[in-house]
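Comments concern the structure below.
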Amino acid sequence: MANTGNRYRGSITDYADFDSNRDAEALYTAMKGFGSDKEAILELITSRSNKQRQEICQSYKSLYGKDLIGDLKYELTGKFERLIVGLMRPLAYFDAKEIKDAISGVGTDEKCLIEILASRTNQQIHQLAEAYKDAYERNLEEDIIADTSGHFKKMLVVLLQGTREEDDVVSEDLVAQDVKDLYEAGELKWGTDEAQFIYILGNRSKQHLRLVFDEYLKTTGIPIETSIRGELSGDFEKLMLAVVKCIRSTAEYFAERLFKAMKGLGTRDNTLIRIMVSRSELDMLDIREVFRTKYEKSLYSMIKNDTSGEYKKALLKLCGGDDDAAGQFFPEAAKVAYQMWELSAVARVELKGTVRPAPNFDPEADAKALRKAMKGLGTDEDTIIDIITHRSNDQRQQIRQTFKSHFGRDLMADLKSEISGSLAKLILGLMMPPAHYDAKQLKKAMEGAGTDEQALIEILATRNNQEIQAINEAYQEDYHKSLEDDLTSDTSGYLKRILVSLATGNRDEGPENSEQAREDAQVIAEILEIADTTTSGDKLSLETRFMSILCSRSYQHLRRVFQEFIKMTNHDVEHTIKKEMSGDVRDALVAIVQSVKNKPLFFADKLYKSMKGAGTDEKTLTRIMVSRSETDLLNIRREFIEKYDKSLHHVIESDNSGDYLKALLALCGGED
């Protein structure tokens, strides 16, 4: 992997033609008289390095006998003041002030403590402790002990020692021992031995721990993050997850914190200021790269849309550039993308639905209750929702049969005449066997004027061979036509070829083949026009090979292909497809890649988009909730809250209403 080595990765550098007296005079002039020249202040301060700002403070005191920070505080207000004053302090003193604010007064800002102590190096921690003592004449460790408790406190104290090992020589035996100790302390134990987690995660070197995390995943099939979420809780859990994220990639940790600080309603300005100030001379360029890859927009554009006034101008200066302009991909981001593929390649994720077979199932009682709910005047929707959302699909088929035997009536027809709108679509969807439901969704996507390509792509790109075979049979049975014929007459060009290929359900199911993976990666690089050389024939035969790689290689093999692709090009395949292709073809290929990487996350994104902004895309929402409820909806929920910081339950609740909402929440199966 490309290594950024020891090159400077900050966005702020020393100002070339620097003269501290001239700068001090300029600042004095900007603050003299009535009202201050904020533009001049921000221009000057954001284009000097921290070391130069300290010299300006000295000169200001010599020239005017006044404290520059005091004057800035007096002249400026609000967030802009916090940002500018923050930049004027040496980093260790800035951290010390943030921690002091976090623990003084009522309540503690645990998130601030976690962010600073989980991400700083040994040297930075030592400097912070000294700065704290110097500025407040107090002992940092004693203050934190007085203000926190439990395992959270113990881990903070361990981090405050600043004694993490720093050698890069890693002993394989010790890695294996640590993996065993962590596994035995958590997953294998009744209750958790927190001390082991604290000792290992608090003291071992970054290099060592990265290998421990890789080995832990290979040995147990569980990412260390999942174990931590399952075994620990509260602020202690949040702290340990932050430590793990910083070990994996500090830049990715901060990119995620910045994204979460700005997305949704309201901006968490304290977090935004703290990160932009503290990382501007350390790794802002790395953070920007990861941000651009992970969230498909530049940090610059997000700050621009989310803030205003002088505050915005100053933040953008600290950011230092707009990565959307270049649309380039970078070594640090490639490294993170590579790790994500590695994670998806070895994680043995247990897929779980939210709807399970009802215990003590009695089809006769259910049939009678449903009949009663629909008989006479009015309909008892609550009973219908309660029964149908709490039975597995097999059980629902038994209820249909019993209903017919008992009452000589068709349950589907009765439901259709009693309920309507979104609720009817959801309930009737749940009553159909999965393959017939998918077949119907595909049929509807191709009926009438215009084709719903997104629905075709979503279904065909995410179903396994067995599911695709069953859909083909159901389609033939229900519509007396072959799915392939309908796809052929209803779509065209390259998209048609992709969909028809996926609809054959012939994906290889074997393990990876490394030699083949390298060749496949080369083909993808050539078709996406980022390879240096073209080895194989014309474009058309390349396109055919590209398509057959994505549509017919096994998931396991493709994960290796996508890793080889990063090694070869320093680009992530998903990112590149989005950049080089357009329209439905791009969407189809991206859907395949995302399914291979993390299928529950693909659906979590679709659900989020179906409810974000004005109006709800009920078609997509219903289709995913019905079709994933017994497959992986629990995993989808976990990915949803991890990515969007809100639970699926919460978003459904704020976006829907009435009986449709009740039924959706029953399928969602709980609040995270």
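Quick notes on this one:
- From the coordinates shown, percent of Cα pairs over 33 Å apart corresponds to which of (1) 80; (2) 57; (3) 63: (2)
- Exposure ranking of ARG268, ARG348 by accessible area [1.4 Å probe, largest first]: ARG348, ARG268
- Cβ-derived FRET efficiency at R0 56 Å, SER405 paired with LYS263, nearest 0.05: 0.55
- Eligible aspartates and glutamates near LYS66 by straight Cα distance, threshold 20 Å, same-chain separation 8 or greater: ASP19, ASP23, GLU25, ASP37, GLU55, GLU75, GLU81
- Our summary gives the chain a relative contact order of 12 percent, counting only alpha carbon pairs under 8 angstrom and 6 or more residues apart.
- Ordering LEU83, GLN127, TRP341 by the projection of their Cα atoms onto the charge dipole of the chain, which places +1 on the Cβ of Lys and Arg and -1 on the Cβ of Asp and Glu, puts LEU83 at the extreme positive end.
- Global geometry of the range 235-282, whether rounded, prolate or oblate, following the gyration tensor of its Cα atoms and the 1.5 cut on a/c: oblate
- Once the chain from TYR28 to TYR608 is taken as fully extended at 0.36 nm per residue, the excess over their C-alpha distance is 203.8 nm.
- Rounded to the nearest 10 degrees, the angle from helix 633-644 to the longest Cα principal axis of the chain is 30 degrees.
- Cα convex hull of the range 104-180, projected area averaged across orientations, nm²: 6.5
- Between LYS375 and GLU671, the distance separating the two model label sites (each 7 Å from Cα on the Cα→Cβ line) works out to 3.8 nm.
- Here the dipole of the range 364-479 is about 420 debye; that uses its Cα centre as origin and unit charges on the Cβ of Lys and Arg (positive) and Asp and Glu (negative).
- A cut-off under 14 angstrom between Cβ atoms defines the neighbours of LEU258, and their net charge, with Lys, Arg +1 and Asp, Glu -1, is +3.
- Rounded Å value of the spacing that divides the Cα centres of the range 343-405 and the range 208-237: 36
- A straight line joining the Cα centroids of the range 1-66 and the range 643-658 runs 46 Å.
- Rounded to the nearest 20, the Cβ-based charge dipole of the range 419-474 about its Cα centre (Lys and Arg +1, Asp and Glu -1) stands at 180 debye.
- Accessible area of the chain belonging to carbon and sulfur atoms, whole % at 1.4 Å probe: 47
- Simple label model, 7 Å out from Cα along Cβ direction - GLU473 to GLU187, nm: 3.6
- Close lysine pairs were tallied over the range 146-281: pairs 8 or more places apart or on different chains with Cα atoms under 18 Å apart number 7.
- Surface per residue (accessible, 1.4 Å probe) for the chain, Å²: 45
- Heavy atoms of ARG89 accessible to a 1.4 Å probe, total area in Å² rounded to 10: 50
- At the residue level, THR354 shows approximately 20 square angstrom of accessible surface with a 1.4 angstrom probe and all protein chains present.
- Extending 7 Å from the Cα toward the beta-carbon at both ASN203 and GLN466 defines two label points whose distance is 4.7 nm.
- Rounded to 10°, Cα long-axis angle of helix 172-185 versus longest principal axis of the chain: 70
- Neighbour cut-off at most 15 other Cβ (10 Å), DSSP loop, trypsin sites (Lys or Arg not before Pro), the range 153-207: LYS189
- Rounded, prolate or oblate (a/c below 1.5 giving rounded, otherwise prolate when a/b exceeds b/c) for the range 221-356 by Cα gyration tensor: prolate
- Taking one quarter of the surface of the convex hull spanned by the alpha-carbon atoms of the range 500-658 gives a direction-averaged projected area of 11.1 nm².
The values are calculated or read from the model by the stated rules, or taken from the named source; none is laboratory data. Note that the structure is a prediction, hence the values are computed from the model and not measured. Quick reminder, even Gly has a Cβ in these numbers, built from the backbone with ideal geometry, and neighbours come from all protein chains shown. All accessible areas refer to the heavy atoms of the entire protein, side chains included, with ligands and DNA or RNA removed. Shrake-Rupley method; radii C 1.70, N 1.55, O 1.52, S 1.80 Å.
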